[in-house]
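The values are calculated or read from the model by the stated rules, or taken from the named source; none is laboratory data. Fair warning: this is a prediction, and the values are worked out from it, not measured in the lab. Cβ sites come from the backbone with ideal geometry, for glycine too, and all protein chains shown count toward neighbours.
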């Protein structure tokens, strides 16, 4: 299932401010999901009245997406932790697999909540560029808003890295076919794992909105045409898609829960 957002609704928290109404209206316009006035109703009462598959609630400090008993919201916390580790001298497996350096251009074909994109944008610096493609209009809208916000105790260099990411709503299969040859240094895929790695509420809420179609050799051929240096695909260490797709270079997996398949432009 791709982008199951037809039966969602958008509302605000109780006693919402003007800026919350504006954000709710913006998300509704960008996604086509109907806005429902909160009034004095509880979340449970709204669910009973509308029977939605999911709800978006615009709160004063965050935008929450609720799907069943799970929920997710945008926050750069995991990216902040990884960037702190990079600053302390630790290696980041994803950055190593991508071979990123200052000033390069990255195409992230599966943006999600943008954790990987933020870390990459930090490495690429002010002269670099990250374009993130997200198939879910709702996730793209929430993340686009979140990337432009400020967060307490988040350093300026991380906030600047966030602000440099451009979000594009669409199907990466189509976008890749339309992009010019060698228009990005690296093309990256982090598809939704078929074998869930955790019981995270955020991942469970995202799963119904994700594009579950597998990466194909045709997609990889398009990605290699667009990339000037390499294509990188992320997979959990229990998967076997990388071998099926013909990846000869695989990094990680032995002492990590994830691994990265690397295809170089020069073979």
Kindly establish whether residue 133 is surrounded by fewer than 17 Cβ atoms within 10 Å (Cβ to Cβ) and either on the phi < 0 side of the Ramachandran plot or touching a helix residue (DSSP H, G or I) at 6+ places or on another chain (Cβ under 6 Å) (or both).
-> no
Would you mind stating whether residue 103 is in the same structural domain as residue 180 (by TED's automatic domain parsing), under 30 Å from residue 180 (Cβ atoms) and surrounded by fewer than 18 Cβ atoms within 10 Å (Cβ to Cβ)?
-> yes
Among the residues of the range 117-125, is any free of Cβ contacts under 8 Å to residues at least 12 places away in the same chain, buried (at least 16 other Cβ atoms within 10 Å of the Cβ) and within 18 Å of the chain's Cα centre (by Cα)?
-> no
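Across the range 151-184, what is the total count of residues that are assigned to a strand (DSSP E or B) and either out of contact with any strand residue (DSSP E or B) (no Cβ under 7 Å at 6 or more places or on another chain) or more than 18 Å from residue 231 (Cα to Cα) (or both)? Outline the logic, then answer.
Residues of the range 151-184 that are assigned to a strand (DSSP E or B), as a first pass: 165-169, 184.
If we keep only those that are either out of contact with any strand residue (DSSP E or B) (no Cβ under 7 Å at 6 or more places or on another chain) or more than 18 Å from residue 231 (Cα to Cα) (or both) too, we end up with 165-169.
Final tally of qualifying residues: 5.
Within the range 216-228, how many residues turn out to be part of a strand (DSSP E or B) and surrounded by 18 or more Cβ atoms within 10 Å (Cβ to Cβ)? Break it down stepwise before answering.
If we filter the range 216-228 for residues that are part of a strand (DSSP E or B), which is where we start, we get 227-228.
Now restrict to residues that are surrounded by 18 or more Cβ atoms within 10 Å (Cβ to Cβ): 227.
The total comes to 1.
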Hey, any hits in the range 164-176 for a residue that's at pLDDT below 90, loosely packed, with under 14 Cβ neighbours inside 10 Å and within 29 Å of residue 10 (Cβ to Cβ)?
-> no
When residues of the range 251-267 are limited to those that are farther than 14 Å from residue 189 by Cα and in contact with a strand residue (DSSP E or B) (Cβ under 8 Å, 6 or more places away or on another chain), the one modelled with the lowest pLDDT = 253
The lone exception for residue 79 - which of (1) in a helix (DSSP H, G or I); (2) surrounded by fewer than 18 Cβ atoms within 10 Å (Cβ to Cβ); (3) at pLDDT 95 or above it fails | (2)
Boolean, residue 3 is assigned by TED's automatic domain parsing to the domain that holds residue 190, at pLDDT below 95 and under 30 Å from residue 227 (Cβ atoms) | no
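With surrounded by fewer than 16 Cβ atoms within 10 Å (Cβ to Cβ), farther than 21 Å from residue 171 by Cα and at pLDDT below 95 as the only criterion, which of 213, 237 stands out?
Answer to the selection: 237.
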Residues that are exposed (fewer than 13 other Cβ atoms within 10 Å of the Cβ) and more than 29 Å from residue 111 (Cα to Cα), drawn from the range 20-50 = 37, 39, 40, 42, 44, 45, 48, 49
